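Only the coordinates and a few stated rules stand behind these numbers; no lab work does. Quick caveat: nothing in here was measured; it's all calculated off a predicted structure. Reconstructed Cβ throughout: ideal geometry from the backbone, glycine too, with neighbour counts over all protein chains shown.
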2 protein chains.
Amino acid sequence: MSQEIERKFLVKGDLPEGKTTRIVQGYLSSVPERTVRVRVKGERAFLTIKGIGNETGISRYEWEKEIPVQEAEQLLKICEPGVIEKTRTEVEVGKHTFEIDHFFGDNEGLVMAEVELSDEAEQFDKPDWLGEEVSGDKRYYNSYLSQHPFKTWK
Amino acid sequence: MSQEIERKFLVKGDLPEGKTTRIVQGYLSSVPERTVRVRVKGERAFLTIKGIGNETGISRYEWEKEIPVQEAEQLLKICEPGVIEKTRTEVEVGKHTFEIDHFFGDNEGLVMAEVELSDEAEQFDKPDWLGEEVSGDKRYYNSYLSQHPFKTWK
């Protein structure tokens, strides 16, 4: 189990281009204290367990193992209702890689960018398309979105 | 993910002897539709995901991976409150192996035996110490016991 340190932003304007992968994911547990996620990402699959974020919402315990896609597809069948579908585009900006998630289905309209850091204070370039920061806002956790899709927000 | 077929019984009278291992386990999800269990069993550790049982309560989907003990100990820290502690004794009876779980802590007083079968109708010898069958009674799921310990039952 390692510490995941990342900052998350809404994306505004035109989406930048980059390598894009389709992601389908469900939750065996969507409670923020202990999320258990089953993810199929392109041709690979992962089981990921996360603890709750710290007070800044930027750091979070994370445990991840790659699993066979076929097993992930079986596990998706017993996940909570509310599977997330999105594409992920990787965009290099300066020394960092932003992952831009473009959501579909019940979360259509939501586009978010994440950047992984080696410590919370690490600096990074902010491109024009980077909008409001939502790090630590639990409404933007994918686990929350699976139960409260973006389209149902007021 | 495979099908787990097993029958579960209370144990009465003197406990038979056999190879005994200590088990400590917690749950990342204790809901019966999708339990996610972290188990340290002697010198080894496992992450196990189970679906809900079928109508007889004897068959249940199960997915299991061995994980390093150190990772399991980290994951136990973020599990739901209510860790289960027990010893498991393996006893050969005829062609089958019974696993007898002797619970401690908040579940002190509970002793259960499980036998794994290759199909639901498979016959097996019933030793004297085998008491009432509780297959499919969700109160006897370890996930339920973690949230509603045996000592609190009326």
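Below are the figures for this structure:
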{"quantity": "Unit charges on C-beta of K, R, D, E only; dipole of the protein assembly as shown, Debye", "calculated": "540"}
{"quantity": "Extreme residue, positive dipole direction of the protein assembly as shown, given options A:Ile58, B:Pro16, A:Ile23 (C-beta unit charges)", "calculated": "A:Ile58"}
{"quantity": "Integer Hz, Karplus 6.51/-1.76/1.60 couplings in order for the range A:85-102, x for Gly and Pro", "calculated": "10, 7, 10, 10, 10, 9, 10, 7, 9, x, 8, 10, 10, 8, 9, 9, 9, 10"}
{"quantity": "Per-selection Kirkwood Rh - chain B (Cα, Å, 1 d.p.)", "calculated": "15.9"}
{"quantity": "For the range A:73-91 and the range B:127-151, distance of Cα centres in Å", "calculated": "34"}
{"quantity": "Over chain B: helical MRE at 222 nm, DSSP H runs n ≥ 4 each giving -39500 (n - 2.57), nearest 500", "calculated": "-3000 deg cm²/dmol"}
{"quantity": "Part-to-part distance (alpha-carbon centres) for the range A:1-43 and the range B:21-70, which is given in Å", "calculated": "25"}
{"quantity": "Shortest-first distances to equivalent copies, position A:Thr48, nm, label 7 Å out along Cβ", "calculated": "2.7"}
{"quantity": "Length added when fully stretched, B:Thr21-B:Arg139, from 0.36 nm per residue minus Cα-Cα", "calculated": "40.1 nm"}
{"quantity": "Cα-based helix-to-principal-axis angle, B:69-78 vs chain B, degrees rounded to 10", "calculated": "70"}
{"quantity": "Nm distances between copies for A:Glu90, ranked from closest, using label points 7 Å along Cα→Cβ", "calculated": "4.3"}
{"quantity": "Dipole of the protein assembly as shown, positive end: most advanced residue of A:Ile67, A:Thr97, A:Ser143 [Cβ charges, Cα centre]", "calculated": "A:Ser143"}
{"quantity": "Estimated vicinal HN-Hα couplings, Hz - the range A:52-68 in sequence order (Karplus 6.51, -1.76, 1.60; Gly, Pro = x)", "calculated": "7, x, 6, 5, 7, x, 8, 9, 7, 5, 9, 10, 9, 9, 6, 10, x"}
{"quantity": "Residue of chain A nearest the A-to-B rotation axis [by Cβ], rounded angstrom distance", "calculated": "A:Ser29, 2"}
{"quantity": "Nm distances between copies for B:Glu66, ranked from closest, using label points 7 Å along Cα→Cβ", "calculated": "2.0"}
{"quantity": "Label-to-label distance, nm, for residues given as B:Asp125 and A:Glu85 (7 Å Cα→Cβ offset)", "calculated": "5.6"}
{"quantity": "The range B:1-89 - charge dipole about Cα centre, Lys and Arg +1 at Cβ, Asp and Glu -1, debye rounded to 20", "calculated": "120"}
{"quantity": "Karplus-derived 3J(HN,Hα), 6.51/-1.76/1.60, for each residue of the range A:11-26, Hz, glycine and proline x", "calculated": "10, 10, x, 6, 6, x, 8, x, 5, 10, 10, 8, 10, 10, 9, x"}
